[in-house]
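Beneath this line is the structure, given in structure tokens, with notes to follow.
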Ligand SMILES: [Zn+2]
């Protein structure tokens, strides 16, 4: 075995063992609190509901362990059985090594590799979610969703892949800078058009109907200087009883969507506090900040691919032949191997990204608190959502700090209560600020 093959094996095993260890730690922690609702949560869940949330957490966690082990086994088999160089050789021999063929190889491989995951996704939705009363999807919607996803990938992903591979021959040694720029431009475009063109393919968005709630939410938008053309209700209940709200897109196309399940579960002031939180994400420019990091990430990834593609040991470690020269066929093996192995590195980076994301959640909560002038609505909303979604109230601290993009309920409540009280005099809400145009 080549030295780098051994390193790759160690990286894969390190990740899966870390995943299993964190999961065990969390399962023990959750089980230890199973028999009695911990005092801070007595107002959130009753005994029966709490036990159900524990069972739901454990069921998902055990299933996650199976998936993680399965993924690691598949990855090791793929990399060390030499099936990839064999498939690459067969594909090039029969379809050729043109850019279109090479993009086709990457595309077909990606689709083939996503197939083993389908039974797991099916089981999670129709067995686990079903057992805990969350599933509202039927088989037809589930299949149609996947077909739509595949069609979108063919229509949007394949042409982009072709362009990226064309750049290798067009621009030579600096191809990766151009490729990264193209991918970033594509991501921005996607972010811009997704709310208007892609999301409606999967869900129905309807303007919030006239009435008390709508008036309340628009008053909040005016008060916080958030210019919005509309607030949409999304038919989340088409797939699941889980509830949520989100904010996405930029400029003219930005969209605030509230799940119909959220509106059904929360009182009007509680929905208002959730919207205030979402406006907080916008006002604090969280989307832009996250985006700049992901842009940097794309550059790093392409720089790594370009460098690895020049290293003989990288191709040889997994049985590919190494050829120098800036043509797509020489770089495609490195792209494929990087796509397969990249996750073993990003896994260790993800806690930092999650920590940063939690920081944003605190900021958005603080914004909501100031905009509402009270904390009770938001606390009540968070409690109800935890209760309805059977959230894990007692994750192990190490587990939640590694994986959670949002602070836990208790952490958020504590932070909301601990914030210094502002006197009405120093709460400055501009009556009207010019609509912020961010990037576009
Ligand atoms: Zn948030």
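Annotations for the structure displayed:
- Count - residues of segment 19-47 that are in a loop (DSSP other than H, G, I, E, B) and under 27 Å from residue 350 (Cβ atoms): 1
- Residue match in segment 275-282 (condition: part of a loop (DSSP other than H, G, I, E, B) and either surrounded by 15 or more Cβ atoms within 10 Å (Cβ to Cβ) or modelled with pLDDT under 95 (or both)): no
- Qualifying residue in segment 327-348 (condition: touching a helix residue (DSSP H, G or I) at 6+ places or on another chain (Cβ under 9 Å), over 30 Å from residue 286 (Cβ atoms) and surrounded by fewer than 17 Cβ atoms within 10 Å (Cβ to Cβ)): yes
- Helices (runs of 4 or more DSSP H) wholly inside segment 92-170 containing at least 2 residues that are within 21 Å of the chain's Cα centre (by Cα) and under 19 Å from residue 236 (Cβ atoms): 139-152
- Failed item, numbered, when residue 150 is tested on (1) exposed (fewer than 15 other Cβ atoms within 10 Å of the Cβ); (2) within 21 Å of residue 294 (Cα to Cα); (3) touching a residue at least 24 places away in the same chain (Cβ under 8 Å): (2)
- One residue from 300, 353 being more than 16 Å from the ligand (Cβ to nearest atom), under 24 Å from the mean Cα position of the chain (by Cα) and surrounded by fewer than 21 Cβ atoms within 10 Å (Cβ to Cβ): 300
Yes or no, residue by residue, for (1) within 28 Å of residue 28 (Cα to Cα); (2) surrounded by 13 or more Cβ atoms within 10 Å (Cβ to Cβ):
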{"site": "50", "(1), (2)": "yes, yes"}
{"site": "76", "(1), (2)": "no, yes"}
{"site": "85", "(1), (2)": "no, yes"}
{"site": "112", "(1), (2)": "no, no"}
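- For residue 203, the requirement of being out of contact with any helix residue (DSSP H, G or I) (no Cβ under 6 Å at 6 or more places or on another chain) and surrounded by 13 or more Cβ atoms within 10 Å (Cβ to Cβ) is met.
- Flag if residue 396 is more than 30 Å from residue 322 (Cα to Cα) and surrounded by fewer than 16 Cβ atoms within 10 Å (Cβ to Cβ): no
- Residue in segment 285-296 that is part of a loop (DSSP other than H, G, I, E, B), in contact with a helix residue (DSSP H, G or I) (Cβ under 7 Å, 6 or more places away or on another chain) and away from the ligand (no atom under 16 Å from the Cβ) present: no
- Residue within segment 375-382 that is outside any helix (DSSP H, G or I) and either more than 16 Å from the ligand (Cβ to nearest atom) or surrounded by 14 or more Cβ atoms within 10 Å (Cβ to Cβ) (or both) present: yes
- Within segment 196-263, strands (runs of 3 or more DSSP E) holding 3 or more residues that are modelled with pLDDT under 85: 245-248
- Taken over segment 356-373, the criterion of being away from the ligand (no atom under 13 Å from the Cβ) and loosely packed, with under 14 Cβ neighbours inside 10 Å is satisfied by 373 alone.
- Odd one out for residue 1 among (1) modelled with pLDDT under 95; (2) surrounded by 16 or more Cβ atoms within 10 Å (Cβ to Cβ): (2)
- Meets criteria (within 30 Å of residue 139 (Cβ to Cβ) and surrounded by fewer than 20 Cβ atoms within 10 Å (Cβ to Cβ)) for residue 240: yes
- Within segment 313-329, if we keep just the residues that are in contact (Cβ under 8 Å) with a residue 60 or more places away in the chain and assigned to a helix (DSSP H, G or I), the residue that is farthest from the ligand (Cβ to nearest atom) turns out to be 316.
- Test: residue in segment 254-266 that is surrounded by fewer than 16 Cβ atoms within 10 Å (Cβ to Cβ), more than 14 Å from the ligand (Cβ to nearest atom) and either closer than 27 Å to residue 133 by Cβ or more than 20 Å from the chain's Cα centre (by Cα) (or both): yes
The values are calculated or read from the model by the stated rules, or taken from the named source; none is laboratory data. Remember, it's a predicted structure, so these values are computed and weren't measured experimentally. Cβ coordinates were reconstructed from backbone atoms using ideal geometry, including for glycine residues, and neighbour counts include every protein chain displayed.
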